[in-house]
């Protein structure tokens, strides 16, 4: 088993990997006690070799591998890539490219919604993945041979999975579908939260207008604090505390200290001063700088009958094309389309519109009908009424 723990060996490995058209990549990390994921292992494989890179090894410089991730001539293959990409984005300042996510590709090839790595390997290659070391402390050293074998399996099987899925996509002409999804994964906003945008992560239903400004500023303060101290958001301040403080809008230490969620004595801390300042800044925000929360969701409920019809059509189209329903359209997409023919949703853009969106609009307008032919749903053209 090849374990890389020094920069020169890593440089040599990356030089060999760079001669291949694609490289499979995975990571092991810990983040229960931190804001940012702590990278503990990197696994990489080509059709010729596989290796484990130890980013915690003393003196190792990961630059050769990061350069490989940025090399446009080598495809980087991940499974369920979001968290891995977030880690590398923080290290690189950019998203690795080009990308291939086997979970997304599997959805386009009919393997179900967000299929896990183990069942995908089993279904595509008949291989077996040992998941015995899944919940382990990857920061400990030394790692056991069982842990290392488990980690390496996450990229060795991925080589065969990628080759099979790539062939299916090529034969079915669905490569552009996945390419469109991979382009969306390159959006840097997926991997870093600007403090001023942190309020968007909160569930704001039922929040009164006067609470919005303080809540926005409190969320921004908490996000910046969590990033600076590398702590989980909840370790800085739990969501329920944010809402209680925003609702009460305390103006001084005494008022803050009277809140049930505030520990005794906390009101005299530096954090308490920052919280009071955030509340004051939020209360003074001009109304035109506050979001209209009424626009965050439908102004009226989507007609249930229309949504049900669209859901039947979605099932029909997903089965016909052998693609996961969730990849075609989400429940939110269906509700939005039921309300608005021009809804700004993925189901009405790109390849999804060709496979589902246009038919959905025609069904909604009455140009299409559905009939049951045995156990199969058939679409029928309907003549407009005169």
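Numbers below:
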| item | result |
| --- | --- |
| Members of region 123-151 that are touching a residue at least 40 places away in the same chain (Cβ under 8 Å) and farther than 22 Å from residue 31 by Cβ | 124, 145, 149 |
| Candidate set: region 29-49, residues that are touching a residue at least 24 places away in the same chain (Cβ under 8 Å) and surrounded by 21 or more Cβ atoms within 10 Å (Cβ to Cβ); chosen: the one farthest from residue 139 (Cα to Cα) | 45 |
| Filter pass, residue 114 being surrounded by fewer than 18 Cβ atoms within 10 Å (Cβ to Cβ), in contact with a helix residue (DSSP H, G or I) (Cβ under 8 Å, 6 or more places away or on another chain) and over 17 Å from residue 46 (Cβ atoms) | yes |
| Of all residues in region 314-333 being in contact (Cβ under 8 Å) with a residue 40 or more places away in the chain and either in a loop (DSSP other than H, G, I, E, B) or in contact with a strand residue (DSSP E or B) (Cβ under 7 Å, 6 or more places away or on another chain) (or both), the one that is farthest from residue 169 (Cα to Cα) | 316 |
| Residue match in region 132-139 (condition: in contact with a helix residue (DSSP H, G or I) (Cβ under 8 Å, 6 or more places away or on another chain) and buried (at least 20 other Cβ atoms within 10 Å of the Cβ)) | no |
| Given (1) touching a residue at least 12 places away in the same chain (Cβ under 8 Å); (2) outside the structural domain of residue 109 (by TED's automatic domain parsing), index of the condition residue 160 fails | (2) |
| Verdict on residue 355 being part of a loop (DSSP other than H, G, I, E, B), surrounded by 13 or more Cβ atoms within 10 Å (Cβ to Cβ), at pLDDT 90 or above and outside the structural domain of residue 220 (by TED's automatic domain parsing) | no |
| Among (1) within 23 Å of the chain's Cα centre (by Cα); (2) in a helix (DSSP H, G or I); (3) over 24 Å from residue 287 (Cα atoms) - the single one residue 149 does not satisfy | (1) |
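The values are calculated or read from the model by the stated rules, or taken from the named source; none is laboratory data. What you are looking at is a predicted structure, and each value in this text was computed from that prediction instead of being measured. A quick note on method: Cβ atoms are made from the backbone with ideal geometry, for glycine too, and the neighbour counts reach across all protein chains shown.
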